[in-house]
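The values are calculated or read from the model by the stated rules, or taken from the named source; none is laboratory data. This structure is a prediction, so every number in the text was calculated from the model and none was measured. Neighbour counts run over all protein chains shown; Cβ positions are idealised from the backbone, glycine included.
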Amino acid sequence: MAGRHHQVLIIGGGNAGVSLAARLHRYGVKDVAVVEPKDNHFYQPLFSHIAGGRAKASEAVRTQRSVMPRGVEWIRDGAVDIDPVANTVSLTSGAQLGYGHLVVCPGLQLDWDKIPGLVEAVHSPSGASHYEFDLAAKAWTLLSGLKAGTAVFTMPSGPVKCGGASQKPMYLACDYWREQGVLRDIRVVMVQPYPTVFGVPGVDEELNRKIAEYGIELRLNSELVSVDAAAGKAMIRNNASGSTEELRYDVLNAVPPQSAPDWLKATELPAPGDSGGYVEVDPQTLRHVRIPNVWSLGDAAATTNSKSGGALRKQTKVLAKNLVAALKGKPLTETYDGYSVCPFTVSRSTVVFAEFDDQYRPMPSIPKVPTWKESRASWFVDRDIFPRVYWNLILKGRA
């Protein structure tokens, strides 16, 4: 691939990269290429349903080749460096690619090693994590098999993919245990690093009601700091007081800390001093603030919103239109408004639908409709409609 050049080069073939490539091609950009080393493409919102026994693993995966848009080149390789002066991307294979405009959307990496013992814990007989596709089904095996004991669910501090997703398998499991008549024999502990259960008015009230209904012990301002898998012990720290608590568990479902990929952190694209390594973009236009032919969206972008697929869907439209305008030498007119969304599966047939802006203020798509209220209709939208929209419209640049 030495000497190859593309008008628009996209790093990352997840939701962001594929949907953006499809939209750019639809807008008339003919030379678009996507760098993605993985053979499979995942619909990550279903991981929670898999871990909660409400979806099959096969529903959340398709081959990468099958989702690549027609007319877009798939470069089956990984990025390892970016030279914004030479306008080149270095690949794992040793090759280099040139670009006119670069879009960086490789997603986040899961930083398992930041919590001592976590890797061993999630691969032990009593641990799992629905943030890994290969571990999501294991989570349901463990949760559905629990008849008595303690189940601990944890979320880390810092930016993560869909922060509310850490709670979803917990509610699905509690409803299942209630159906099986064993909920009263199971101690359920949720470890949440923030002062409230989520942070959006109205949504917090609904979630707190379900937490009380299931008898869940909520640890606010707290996070997992170490795990002893052999002993089945999790060490929890209260970040407000500095005190620690040792929890013995029979099942642990943990969400790991997350950050931008290490190779991206080492480039010139993050803001100086940003240890997370996120690409420094204007949060409204999604263009790099210092390098005008570099763009970013999705989880690896230093935007102010909560990271989610719903946020990404709006970002894709904004970035695509702005990039086309830049190619034509026109001003950027599209702006991203900070919207994000998180559907909480609070039972095996109902959802609390959280829509909010980058200040965690309610931002419902349908004005005056309380979508944050527990609803069977919202379950149908989240579980049945959204996956179809994703595979058939979003990845084709049509939604």
### Summary
Of (1) assigned to a loop (DSSP other than H, G, I, E, B); (2) at pLDDT 95 or above; (3) among the hydrophobic types (A, V, I, L, M, F, W, C); (4) not assigned by TED's automatic domain parsing to the domain that holds residue 90, residue 211 fails just (1)
## Note on the structure
Within segment 231-254, the residues that are among the acidic types (Asp, Glu) and either under 14 Å from residue 117 (Cβ atoms) or surrounded by fewer than 17 Cβ atoms within 10 Å (Cβ to Cβ) (or both) are 245, 246
### Task
Would you please name the residue that is surrounded by the fewest Cβ atoms within 10 Å (Cβ to Cβ), looking only at residues in segment 129-154 that are under 13 Å from the mean Cα position of the chain (by Cα) and in a loop (DSSP other than H, G, I, E, B)?
132
### Message
Let me confirm something: among 364, 331, which residue is surrounded by fewer than 17 Cβ atoms within 10 Å (Cβ to Cβ), within 29 Å of residue 214 (Cα to Cα) and either in contact with a helix residue (DSSP H, G or I) (Cβ under 6 Å, 6 or more places away or on another chain) or not polar (S, T, N, Q) (or both)?
### Response
364
### Query
Could you give every pair whose Cβ atoms fall below 8 Å, whose first residue belongs to segment 40-57 and is free of Cβ contacts under 8 Å to residues at least 60 places away in the same chain and over 12 Å from residue 169 (Cβ atoms), and whose second residue is assigned to a loop (DSSP other than H, G, I, E, B) and among the aliphatic types (A, V, I, L, M), counting only separations of at least 6 or pairs across chains?
none
### Query
Based on what the data block shows, is residue 217 in the same structural domain as residue 157 (by TED's automatic domain parsing), closer than 24 Å to residue 199 by Cβ and not aromatic (Phe, Trp, Tyr)?
yes
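If we keep just the residues of segment 198-228 that are over 24 Å from the mean Cα position of the chain (by Cα) and hydrophobic (A, V, I, L, M, F, W, C), which is surrounded by the fewest Cβ atoms within 10 Å (Cβ to Cβ)? It would help to see each step written out before you state the result.
Of the residues in segment 198-228, the ones over 24 Å from the mean Cα position of the chain (by Cα) are 209, 212-217, 228.
Then drop every residue that is not hydrophobic (A, V, I, L, M, F, W, C), which leaves 212, 216.
On the way: 212: 10, 216: 22.
So the residue we want is 212.
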### Task
Scan segment 341-374 residue by residue and report those that are hydroxyl-bearing (Ser, Thr, Tyr) and modelled with pLDDT of 95 or more.
345, 347, 349, 350
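Return yes when residue 65 is of a type in the set (Lys, Arg) and either surrounded by 15 or more Cβ atoms within 10 Å (Cβ to Cβ) or at positive phi (or both) and no when it is not. Show your work before the answer.
Working: of a type in the set (Lys, Arg): yes; either surrounded by 15 or more Cβ atoms within 10 Å (Cβ to Cβ) or at positive phi (or both): no.
Judged against the criteria, residue 65 is not a match.
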### Query
Of all residues in segment 11-48 being within 19 Å of the chain's Cα centre (by Cα) and hydrophobic (A, V, I, L, M, F, W, C), which is surrounded by the most Cβ atoms within 10 Å (Cβ to Cβ)?
20
## Note on the structure
Looking across segment 263-287 at residues that are small (Gly, Ala, Ser) and within 15 Å of residue 106 (Cα to Cα), the single one that is surrounded by the fewest Cβ atoms within 10 Å (Cβ to Cβ) is 266
### Task
Please find, within segment 161-197, the residue that is surrounded by the fewest Cβ atoms within 10 Å (Cβ to Cβ) out of those that are part of a loop (DSSP other than H, G, I, E, B) and in contact with a Phe, Trp or Tyr (Cβ under 8 Å, 6 or more places away or on another chain).
161
